[in-house]
Amino acid sequence: MSAELVNMEELREHVSDASSYHLPDFIGHFDLPSIGSFALTKCMVVECFAALLAIALFVPLAAKMKSGKPVRGRLWNLLEATLLYLRNEVIVPSIGKKDADRFAPFLWTLFFFILFCNLAGLIPWFGASPTGSLATTAVLSLFVFLVLICSGMKKFGIVGFWLGQVPEMDLPFVLAIFLKPMLFVIEVVGMIIKHVVLAVRLLANMFAGHLVIAVIMGFISAVAGGSALLWGGVAFASVLLSVALNMLELFVAFLQAYIFMFLASIYIGMAQHKH
């Protein structure tokens with residue numbers, strides 16, 4: 001197999017989901033278990049890891065806070081400070097102080113689940129980041145959409161919520177007959193588009209970052225058949241650039257989790273107030 005084909009195969013494995021792990025030669029290759037037509041994939045493993053990590057961190061933290069005693073320890077203080085910052089600086093301004101605490105657990109869960117999935121994707125051989133898959137980001141966006149719809153209908157009633165999508169305007173009766181249905185359709189379509197964009201935004205940012213790193217590291221195998229000087233120079237430059245981009249990806253992992261939660265807070269807040 002040529003170096004170019006090996007390179008393309010490695011690139012594909014780095015950014016796509018699979019039902020098996022290709023680890024270094026001293027560890028080997030193994031397939032993930034399957035039950036009938038259902039097969040575990042690397043993204044599922046990472047998602048389970050992210051969920052279990054969140055449980056392992058925040059269930060003990062909740063128990064400590066529930067006891068009424070001061071939370072002590074650097075890790076616990078860091079987590080508590082992060083939760084309070086997200087609540088006070090993002091959730092409360094977006095949703096309002098009255099309703100913020102109802103949605104804070106959901107939005108906190110979104111933030112940390114996305115963050116842990118993003119970070120896990122940076123661990124070598126652990127698997128592609130689930131947030132680089134449309135299946136994952138679409139489900140996360142769908143959850144936000146369902147929370148928005150259900151909470152809005154619970155607060156204003158089914159009819160009241162949907163009629164509230166049309167801004168209140170003092171229009172002549174004849175003009176209102178034509179204009180208000182058009183505005184209703186525009187608002188509903190816009191609501192759907194916003195959540196589609198929410199999913200695609202996270203997908204594009206995470207997928208693009210991993211793909212760029214994979215392409216840069218692929219340069220090493222692409223020139224493997226050349227001179228030692230050429231290979232050494234390309235390898236040195238590729239590794240340095242890859243390290244720099246991994247530092248950027250580390251920042252992006254936090255940033256994209258924050259942006260997703262921030263936009264979700266705004267969308268839910270819009271559903272809690274009439275136009």
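The values are calculated or read from the model by the stated rules, or taken from the named source; none is laboratory data. Keep in mind that this is a model prediction, so the values were computed, not measured. Reconstructed Cβ throughout: ideal geometry from the backbone, glycine too, with neighbour counts over all protein chains shown.
Could you please tell me which pairs satisfy a Cβ distance under 9 Å, a separation of 6+ or placement on different chains, a first residue in the stretch 176-194 that is within 17 Å of Phe161 (Cβ to Cβ) and surrounded by 14 or more Cβ atoms within 10 Å (Cβ to Cβ), and a second residue that is at pLDDT below 90 and of a type in the set (D, E, K, R)?
Pairs that qualify, where the first residue is within 17 Å of Phe161 (Cβ to Cβ) and surrounded by 14 or more Cβ atoms within 10 Å (Cβ to Cβ) and the partner is at pLDDT below 90 and of a type in the set (D, E, K, R): there are none.
Evaluate the stretch 116-133: report whether one residue or more is surrounded by fewer than 18 Cβ atoms within 10 Å (Cβ to Cβ), among the small types (Gly, Ala, Ser) and modelled with pLDDT under 95.
Of the stretch 116-133, the ones surrounded by fewer than 18 Cβ atoms within 10 Å (Cβ to Cβ) are 122-126.
Retained after the next criterion (residues that are among the small types (Gly, Ala, Ser)): none.
No, that holds for no residue.
Looking at the stretch 108-134 only, could you name the residues that are on the phi > 0 side of the Ramachandran plot and in contact with a Cys (Cβ under 8 Å, 6 or more places away or on another chain)?
First pass over the stretch 108-134, keeping only residues on the phi > 0 side of the Ramachandran plot: 125, 127.
Scanning the stretch 108-134 gives a single hit, Gly127.
Need the failing condition index for Val90 against (1) assigned to a loop (DSSP other than H, G, I, E, B); (2) among the β-branched types (Val, Ile, Thr); (3) closer than 29 Å to Val46 by Cβ, just the number.
Evaluating Val90 over (1) assigned to a loop (DSSP other than H, G, I, E, B); (2) among the β-branched types (Val, Ile, Thr); (3) closer than 29 Å to Val46 by Cβ leaves (1) as the failure.
Taking Thr137, is it in a helix (DSSP H, G or I), touching a Gly at 6+ places or on another chain (Cβ under 9 Å) and at negative phi? Break it down stepwise before answering.
Working: in a helix (DSSP H, G or I): yes; touching a Gly at 6+ places or on another chain (Cβ under 9 Å): no; at negative phi: yes.
No; evaluated as a whole, the condition is false for this residue.
Could you figure out which of (1) without any contact (Cβ under 8 Å) to a residue 12 or more places away in the chain; (2) more than 27 Å from the chain's Cα centre (by Cα); (3) under 18 Å from Lys194 (Cβ atoms) isn't true of Pro167?
(1)
Scan Val252, Val234 and give me the residue that is of a type outside the set (S, T, N, Q), in contact (Cβ under 8 Å) with a residue 12 or more places away in the chain and more than 22 Å from Ala138 (Cβ to Cβ). Walk me through how you get there before you give the answer.
Details: Val252 fails: more than 22 Å from Ala138 (Cβ to Cβ).
Step by step, each of Val252, Val234 is checked, and only Val234 is of a type outside the set (S, T, N, Q), in contact (Cβ under 8 Å) with a residue 12 or more places away in the chain and more than 22 Å from Ala138 (Cβ to Cβ).
Find all pairs meeting these conditions: Cβ atoms under 9 angstrom apart; at least six residues apart or on different chains; first residue within the stretch 51-74 and modelled with pLDDT under 90 and surrounded by 11 or more Cβ atoms within 10 Å (Cβ to Cβ); second residue among the aliphatic types (A, V, I, L, M) and in a helix (DSSP H, G or I).
Pairs that qualify, where the first residue is modelled with pLDDT under 90 and surrounded by 11 or more Cβ atoms within 10 Å (Cβ to Cβ) and the partner is among the aliphatic types (A, V, I, L, M) and in a helix (DSSP H, G or I), are Leu61/Leu75; Leu61/Leu79; Leu61/Leu83; Val71/Leu61; Val71/Met65; Val71/Leu79.
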